[in-house]
Amino acid sequence: MARLESDHGRLLVSFQLQGNRCREYVGLGDTRDNRRAALRLLREIELELATGQFDYAARFPRSKNLERLGLATSAGAVPTLAEFGREWIEERRAAGGITDATAYDYQLILAAHVLRSDIGDKRLDEIHDGHLNALIGTLRTKPGVHKGSTLGPRRINMARGLLHAIFVTAQRRKLVAENPVAYVEKLRERKSNVDPLTLEEVRALLSVAKAQEHAIFTVLIFAGLRPSELLALRRQDINFDRSVIIVARNLTRFGEGLPKTSYSEREVDMLAPVRAALAEQQARIGLKSTFVFCNRRGDPLSLKEVRGAWFRLLRIARLRERPLYQCRHSYATLLLSEGLNPLYVAHQMGHSTVAMIVRHYARWTRKPDRSDTARVERSLAAAGFVPPKMPEICQKMVDSTPSARHDDRAEVRAIARKIGNAERWPSGRRHQIANLAYWATGTEGSNPSLSASRQLYAIVGAASRRRPLLSPAHMAGVVGCSLAPSLFTKHRAGFVC
């Protein structure tokens, strides 16, 4: 039977193995959150002990009990981070878990940011969170792409995420007792820089674009396709009868493949400029290629060519330089600013939920106004839901209701506070008088009556000068006819005679 213990603020697990009592520290302080994590580890150990699958060396590779129990293994059995990291990437690519493009990015991150440090030559079971924190500290001072810059939090978090995935597999294979990356926090990243083009900027850009380039950037801006999706478009993907673009693949330096996610396989509705540009482009290409956008040889364009044309047109149009991906942002902000449903925009963009739309484009969402309610009312009226004519007595009650009562609430509260905080009242009665003022003026629930509160203030003011007071019935009539005199008697607090 295993149990969780605490030794001078440090958590440890205690269990029986081969008739010996074993106690191992789990590397956590004695806190509520750490106890929850340690209890999960304890349940795993109990299950492995019960099923005979407990591997002491894998759970606690640096334990002194390994030699005492005769369970020590050779150090060469555990690979280094560099060896296991390369094998992990190749295994994932061979199994189809990641694409060639993703594997290429992983190899770059591993080689440039991880293996160049001392941590790459360490065995997996020797690495702890201290080594990883030191690695992140080194990466934060590493020069970035641009002159005078350093490596950004986004790139560092990508390196951390890769290490986390590698150690998850290592832990599952019993090469390490726990995942040290779990104790290393992510760096705070800046919000993505959404800098869309305005319609005036789009007009200026397209005015200097000619022929195929005009069609390319019309589709990118007014259809919201990713550049890799645009490059992979074929003639059969354009359905003019239904006015949709079928996104079924993408094109990278490693060739054609599936889109980024399963939700990226979608049908995008064509706006009028997109439909006209694609019709002209197909007539321009003819039978030269099956790709919608191609070079003179009929081969598909590369991302480098499209990006080069983008920056060249920005300079010619004298527009501020920004990344090519801002075309996609421009499409999203255009739809949202026109009041389209965010769920529809998410589908057009290839997102699974509206969370991405809300996170990046919330400030461009048009706020609802009364025109939306009027549109609903018109739909109800067309369906026959016409309200009956309001009776005359009801109409009079609506017309006679003072609409400014809610505007008087602040002044009513000020008068009630003035009554309760008056210095001339004994401190023992101020709270009692304030409660009566709030209750009588209706500030606790119903609409307040400004005139009633003013009159109540005059009545209480008379009491402060020890003048004869009105009767409960008269006071109820002054403040409000719906208030019973008995309530004033009950709350008179010694100043109603």
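Contact list please: Cβ distance under 8 Å, first residue in region 223-244 and on the phi > 0 side of the Ramachandran plot and of a type outside the set (D, E), second residue surrounded by fewer than 19 Cβ atoms within 10 Å (Cβ to Cβ) and part of a strand (DSSP E or B), pairs at least six apart or on different chains.
What qualifies is S243/D269.
In region 191-201, how many are assigned to a loop (DSSP other than H, G, I, E, B) and more than 21 Å from R359 (Cβ to Cβ)? Spell out the reasoning first.
Going residue by residue through region 191-201, those that are assigned to a loop (DSSP other than H, G, I, E, B) are 191-198.
After this cut, where a residue has to be more than 21 Å from R359 (Cβ to Cβ) as well, the list is 198.
The qualifying residues number 1.
For region 371-379, indicate whether the set of residues that are assigned by TED's automatic domain parsing to the domain that holds L231, of a type in the set (K, R), outside any loop (DSSP other than H, G, I, E, B) and under 26 Å from L199 (Cβ atoms) is non-empty. Step through it out loud before you land on a result.
Start the filter on region 371-379 by keeping residues that are assigned by TED's automatic domain parsing to the domain that holds L231, which leaves none.
The answer is no; no qualifying residue exists.
Against the conditions (1) under 30 Å from L110 (Cα atoms); (2) modelled with pLDDT of 85 or more; (3) buried (at least 16 other Cβ atoms within 10 Å of the Cβ), where does C22 fall short? Just the number, please.
Exception for C22: condition (1).
So which of L335, L340, L324 ends up being within 25 Å of E201 (Cα to Cα) and surrounded by fewer than 16 Cβ atoms within 10 Å (Cβ to Cβ)?
On the way: L335 fails: surrounded by fewer than 16 Cβ atoms within 10 Å (Cβ to Cβ); L324 fails: surrounded by fewer than 16 Cβ atoms within 10 Å (Cβ to Cβ).
So the residue among L335, L340, L324 that is within 25 Å of E201 (Cα to Cα) and surrounded by fewer than 16 Cβ atoms within 10 Å (Cβ to Cβ) is L340.
What's the total number of residues in region 280-306 that are under 18 Å from G255 (Cα atoms) and charged (D, E, K, R)? Lay out the reasoning, then the answer.
The initial filter retains those residues of region 280-306 that are under 18 Å from G255 (Cα atoms), namely 289-295, 297-306.
Adding the requirement that they be charged (D, E, K, R) leaves 297, 299, 304-305.
So the count comes out to 4.
Pick out, from region 75-167, the helices (runs of 4 or more DSSP H) lying fully within it that include 1 or more residues that are more than 28 Å from R59 (Cα to Cα), within 29 Å of the chain's Cα centre (by Cα) and of a type in the set (S, T, Y). So that I can check it myself, show each step before the final result.
Numbers: elements: 81-94, 100-109, 129-140.
Because the criterion is at least 1 residues that are more than 28 Å from R59 (Cα to Cα), within 29 Å of the chain's Cα centre (by Cα) and of a type in the set (S, T, Y), the helices (runs of 4 or more DSSP H) in region 75-167 that meet it are 100-109, 129-140.
If a residue must be over 29 Å from R242 (Cβ atoms) and crowded, with 18+ Cβ neighbours inside 10 Å, how many such residues does region 266-316 contain?
The qualifying residues number 3.
Give the number of residues within region 254-291 that are more than 17 Å from L220 (Cα to Cα) and in a helix (DSSP H, G or I).
So in region 254-291, the residues more than 17 Å from L220 (Cα to Cα) come out as 254-258, 261-263, 283-290.
Right, trim to in a helix (DSSP H, G or I) and you get 262-263, 283-285.
Looking only at that region, the number is 5.
Name every residue in region 94-141 that is basic (K, R) and either surrounded by 16 or more Cβ atoms within 10 Å (Cβ to Cβ) or under 16 Å from F84 (Cα atoms) (or both), in order of residue number. Talk me through it step by step, then tell me what you get.
Of region 94-141, the ones basic (K, R) are 116, 122-123, 140.
Correct list: R116, K122, R123.
Scanning region 170-190 for residues that are without any contact (Cβ under 8 Å) to a residue 12 or more places away in the chain and not in a helix (DSSP H, G or I), which turns out nearest to the chain's Cα centre (by Cα)?
So in region 170-190, the residues without any contact (Cβ under 8 Å) to a residue 12 or more places away in the chain come out as 171-173, 185.
Next, from what is left, pick out any that are not in a helix (DSSP H, G or I): 173, 185.
Values: R173: 33, E185: 18 Å.
Per the criteria, the residue is E185.
Scan region 220-253 residue by residue and report those that are basic (K, R), over 24 Å from T333 (Cβ atoms) and assigned to a loop (DSSP other than H, G, I, E, B).
Step one: list which residues in region 220-253 are basic (K, R), which gives 226, 234-235, 242, 249, 253.
Add one more test, that the residue is over 24 Å from T333 (Cβ atoms), and what stays is 234-235, 242, 249, 253.
Result: R242, R249, R253.
Would you list the helices (runs of 4 or more DSSP H) that sit entirely within region 1-71 and hold 1 or more residues that are in contact with a His (Cβ under 8 Å, 6 or more places away or on another chain)?
Details: elements: 32-51, 56-59, 65-69.
Passing ranges: none, list empty.
The values are calculated or read from the model by the stated rules, or taken from the named source; none is laboratory data. Bear in mind the structure is a predicted one, so any value in this text is a computation, not a measurement. For neighbour counting, all protein chains shown are included, and Cβ atoms are generated from backbone atoms with ideal geometry for every residue, glycine included.
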